[in-house]
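First up is the structure itself, then whatever we jot down about it.
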Protein chains: 2
Amino acid sequence: MDKLKNKPKEELKLLGKKVTHKLEKKENPYMEFPVRGLSNVSYDKKSKTLKLGDSISKRYFFNVAHSKKFLQTVEVASICKNLLEEGKHASLRDVFYMVKRTIPNTKINLVDEQTETDKAIEDLELITEFSREQLYVNANKMGSVVGKVKILDRGDAINWAKLGSGGWSIPSNVEDIKFEEVKANFVVYMEKQAIWERLHEDRVWEKLNCILVTSQGQTTRGIRRLLQRLCEEFKLPVYVLTDFDPWGFYIYSVIKYGSISLAHMSEKMAISGVKFLGIMADDIDKYGLSKHLIKLNEKDITRLKQMVDYEWFKDNKEWQKEFAAMKKLGSKAEIQALSARGISFISEKYLPEKIKNKDFID
Amino acid sequence: MDKLKNKPKEELKLLGKKVTHKLEKKENPYMEFPVRGLSNVSYDKKSKTLKLGDSISKRYFFNVAHSKKFLQTVEVASICKNLLEEGKHASLRDVFYMVKRTIPNTKINLVDEQTETDKAIEDLELITEFSREQLYVNANKMGSVVGKVKILDRGDAINWAKLGSGGWSIPSNVEDIKFEEVKANFVVYMEKQAIWERLHEDRVWEKLNCILVTSQGQTTRGIRRLLQRLCEEFKLPVYVLTDFDPWGFYIYSVIKYGSISLAHMSEKMAISGVKFLGIMADDIDKYGLSKHLIKLNEKDITRLKQMVDYEWFKDNKEWQKEFAAMKKLGSKAEIQALSARGISFISEKYLPEKIKNKDFID
């Protein structure tokens with residue numbers, strides 16, 4: 001465990017040694033990593049995730065076009081090494097302010113915008129093959145969880161089933177959480193806190209023996225890693241519960257296949273076993289939602305078209321059926337529309353039925 | 001306690017009885033409540049909160065212009081009564097879908113937009129004098145808390161000091177939380193989760209013996225009520241920690257004085273004893289932040305002008321001094337800029353010093 005914890009620091013030290021070694025030999029130090037960006041991102045059918053391709057770029061210290069970025073990456077590496085040594089976590093914004101200063105004897109700032117340090121951290125993710133969380137740079141904190149799970153975190157023994165109406169607040173970094181006991185058969189992730197509160201009040205996690213996880217819209221890296229750890233370490237199926245709309249579908253897509261901007265992290269973040277438990281076209285009749293359809297607006301229609309064309313959905317008949325049905329309906333439906341059938345309809349009818357009938361999309 | 005819990009239901013029943021009583025007497029039923037909106041909102045110097053004025057509007061059942069709104073309010077009252085009887089909480093969106101249907105024998109929908117049911121809930125807050133949380137309609141869930149506090153919630157005994165890196169996830173509704181033990185001298189509320197994680201990792205809540213509360217930007221009603229309960233029931237000072245910018249100042253303003261849109265709830269939400277612990281103009285030199293100033297943009301400048309003119313800041317010399325200093329600087333500063341001085345500078349220097357010297361604004 002301790003050895004594993006030292007690995008990221010060793011990788012950062014190695015980077016520093018390589019640079020100084022080249023300099024001692026009076027050679028031009030360089031780093032190399034895969035090109036990021038759409039041109040080098042593709043869908044890998046085997047792993048079912050978005051991946052970076054083979055295009056490699058080299059960055060040299062003695063190169064007018066490269067040297068500033070080179071410096072930035074080395075500086076951020078040094079900051080991460082210090083964080084790891086001190087055992088303290090920083091946010092992206094913290095790292096920016098820690099790097100931001102004038103280069104001695106010049107009028108040039110080492111960085112002017114946070115995007116520069118953000119990119120440097122991505123560089124380090126590629127060079128070290130550790131996630132930024134493992135380099136002690138945290139993403140956003142968001143979301144709550146409830147279920148029959150006992151964990152150890154920073155010396156505290158925490159029972160997710162005994163935390164009242166609020167649940168456990170998910171930290172930005174879940175790498176060091178130790179799972180002591182997991183008594184659940186599956187995980188349901190939902191974007192909407194209000195749905196989570198509904199299911200929690202109805203004690204669905206107890207009745208269906210599952211773990212309920214929510215964010216608020218955006219699925220943070222911390223939440224994605226938490227879902228992934230539950231899926232991989234405990235072989236729990238993960239179901240995604242969203243609206244019947246292109247944005248809900250995209251939330252699912254990112255969790256399952258990864259995202260273009262984080263393609264280099266797919267291996268650490270994508271959960272290919274995840275399934276869609278949200279409202280499907282057939283549910284609209286089945287659960288009496290036809291009076292609660294909402295017309296697609298122009299943005300929805302554009303987004304839907306993009307979904308249709310995504311490489312990873314192209315050969316997926318089930319999903320193409322959903323997209324076509326939504327296009328034909330010209331409408332979307334919200335998960336909360338189920339409340340028209342009764343406040344606990346989702347807890348007592350929709351969810352148990354869907355799960356019993358394995359009525360989800362892969 | 002149980003009697004108190006029945007009060008909201010009794011108030012809703014009373015409303016129904018008044019309506020049917022009028023109808024039985026063949027009179028025109030009506031409701032009356034204060035006019036909402038800017039024209040009837042003013043700053044009350046005595047209570048130091050925004051308040052509704054004396055303008056009253058009457059809404060009649062037999063009046064073409066009123067009858068639909070009248071119906072909506074009665075329908076939402078009936079839904080709230082059912083929620084209270086079932087002991088289940090709904091979101092605003094749930095209530096909308098529960099009301100949404102066609103009026104029998106007509107082609108008229110009872111409601112078309114959620115704003116209509118939202119308004120009806122505000123009506124009921126005014127008529128019953130209970131908050132919508134007490135009528136079992138919840139707001140958004142957001143935020144985390146840590147500190148030496150033990151609570152009872154839904155039968156669970158929860159210790160806020162023993163919840164690892166995540167903390168307790170604050171529910172949308174904190175009315176029923178029972179405080180068992182509060183061993184803290186004050187509360188610090190911050191908008192940024194990243195700052196909360198920093199302070200928590202440095203165990204500031206233990207070292208300074210305080211409670212740390214965060215949201216992410218927006219201060220939800222649940223968080224405001226939590227802060228208010230800690231302030232009123234345990235006489236704890238509440239400090240607000242934000243950036244040195246007009247938006248940070250406004251977050252403080254809403255917590256302390258209430259907001260125009262929720263003026264009718266000021267009594268239940270505003271915390272007049274709250275103090276500003278965020279970055280002040282003098283701190284920029286004192287803590288070496290001058291290299292990290294960010295130029296005010298046009299939106300910032302407009303917002304700053306509005307702050308200067310707010311009635312509740314007009315006679316406040318300390319605040320006017322801050323506004324003038326910001327205008328003169330033409331710049332704002334982020335709390336995270338303190339990280340330039342060291343990752344734990346905020347925990348080890350800034351906060352302890354500010355609190356020791358009582359260096360905050362009222």
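Sequence gap at least 6, Cα distance under 8 Å: using those rules, report the relative contact order of region A:144-356 to the nearest whole percent.
Answer for region A:144-356 is 18 percent.
Between helix B:221-234 and chain B, what is the angle of the helix's C-alpha long axis to the longest principal axis, kept within 0 to 90° and rounded to the nearest 10?
70 degrees
Based on Cβ point charges of +1 for Lys and Arg and -1 for Asp and Glu, what charge dipole magnitude is obtained for region A:144-356 about its Cα centre, in debye rounded to the nearest 20?
260 debye
Expressed as a whole number of Å, what is the distance separating the alpha-carbon centroids of region B:214-242 and region B:48-86?
Going from one Cα centre to the other spans 29 Å.
For region A:145-151, in order, what is each residue's ³J(HN,Hα) by Karplus, 6.51 cos²θ - 1.76 cosθ + 1.60 with θ = phi - 60°, in whole Hz (x at glycine and Pro)?
Calculated HN-Hα couplings, in order: 9, 9, x, 7, 9, 10, 10 Hz.
If I model region B:255-300 as equal point scatterers sitting on the Cα atoms and use the Debye formula, what is log10 I(q)/I(0) at q = 0.14, 0.18, 0.19, 0.23 Å⁻¹?
Here log10 of I(q) over I(0) equals -0.60, -0.75, -0.77, -0.82.
If you take the C-alpha gyration tensor of region B:13-152, multiply each eigenvalue by 5 and take the square root, what semi-axes do you get, largest first, in whole Å?
Over the Cα atoms of region B:13-152, the semi-axes work out to 29, 22, 15 Å.
If you build the Cα gyration tensor of region A:1-82 and take the root of 5 times each eigenvalue, what three semi-axes come out, in whole angstrom, biggest first?
For region A:1-82, the ellipsoid semi-axes come out as 26, 21, 11 Å.
Taking the square root of 5 times each eigenvalue of the Cα gyration tensor, what semi-axes in Å does the equivalent ellipsoid of region B:70-155 have, largest first?
Computed over region B:70-155, the values are 30, 13, 12 Å.
Could you work out Rg/(2.2 N^0.38 Å) for the protein assembly as shown, with Rg from alpha carbons only?
Relative to the rule-of-thumb radius for its length, the protein assembly as shown sits at 1.02.
If you average 1/r over every pair of different alpha-carbon atoms in chain B and take one over that average, what Kirkwood value in Å do you get?
It works out to 22.5 Å.
Assuming 0.890 mPa s and 25 °C, estimate D for region A:235-362 with Stokes-Einstein, Rh taken as the Kirkwood radius over Cα pairs, in µm²/s.
The calculation lands on 160 µm²/s.
Identify, among B:MET307, B:VAL174, A:VAL76, the residue whose Cα sits farthest towards the positive end of the charge dipole of the protein assembly as shown, taking +1 on the Cβ of Lys and Arg and -1 on the Cβ of Asp and Glu, with the dipole about the Cα centre.
Farthest towards the positive pole: B:MET307.
What dipole magnitude, in Debye to the nearest 20, does the protein assembly as shown give about its Cα centre under +1 on Lys/Arg Cβ and -1 on Asp/Glu Cβ?
Roughly 220 debye for the protein assembly as shown.
Taking other Cβ within 10 Å of each residue's Cβ, how do B:PHE70, B:PHE61 sort, fewest first?
With the fewest neighbours first, B:PHE70, B:PHE61 line up as B:PHE61, B:PHE70.
For region B:1-108, what's the relative contact order in percent, using C-alpha pairs closer than 8 Å and at least 6 residues apart?
Value for region B:1-108: 21 percent.
Using only the alpha carbons of region B:93-242, determine the length spanned along each of the three principal axes and report them from longest to shortest in whole angstroms.
Result, largest extent first: 67, 28, 26 Å.
Placing +1 on the Cβ of each Lys and Arg and -1 on the Cβ of each Asp and Glu in chain B, which of B:VAL187, B:PHE96, B:VAL274 has its Cα farthest towards the positive end of the resulting dipole?
The residue sitting most towards the positive pole is B:PHE96.
Given the rule -39500 (n - 2.57) for each run of at least 4 DSSP H residues, summed and divided by the residues of chain B, what is its mean residue ellipticity at 222 nm, to the nearest 500 deg cm²/dmol?
-12500 deg cm²/dmol
What share of Cα pairs, in percent, lie more than 25 angstrom apart in region B:144-356?
In whole percent, the long-distance tail amounts to 38.
On C-alpha positions alone, give me the angle between the axis of helix B:114-128 and the longest principal axis of chain B, in degrees, nearest 10.
So the helix axis and the longest Cα principal axis differ by about 90 degrees.
Name the residue farthest towards the positive end of the dipole of the protein assembly as shown from the options B:THR220, B:LEU110, B:TYR252, assuming +1 on Cβ of Lys and Arg, -1 on Cβ of Asp and Glu, about the Cα centre.
Value: B:LEU110.
Å³ per residue of the Cα convex hull, for region A:190-308?
Once divided by residue count, the hull of region A:190-308 is 126 Å³.
For region A:1-96, which GluC sites (Glu not before Pro) are both in a DSSP coil and crowded by at most 12 other Cβ atoms within 10 Å?
Sparse-neighbourhood loop GluC sites (Glu not before Pro): A:GLU27.
Once you charge only the Cβ atoms, +1 for Lys and Arg and -1 for Asp and Glu, what is the size of the charge dipole of chain B about its Cα centre, to the nearest 20 debye?
360 debye
Rule-based calculations on the coordinates, nothing more; no lab input. These numbers were taken from a predicted model, which means no experiment stands behind them. Cβ coordinates were reconstructed from backbone atoms using ideal geometry, including for glycine residues, and neighbour counts include every protein chain displayed.
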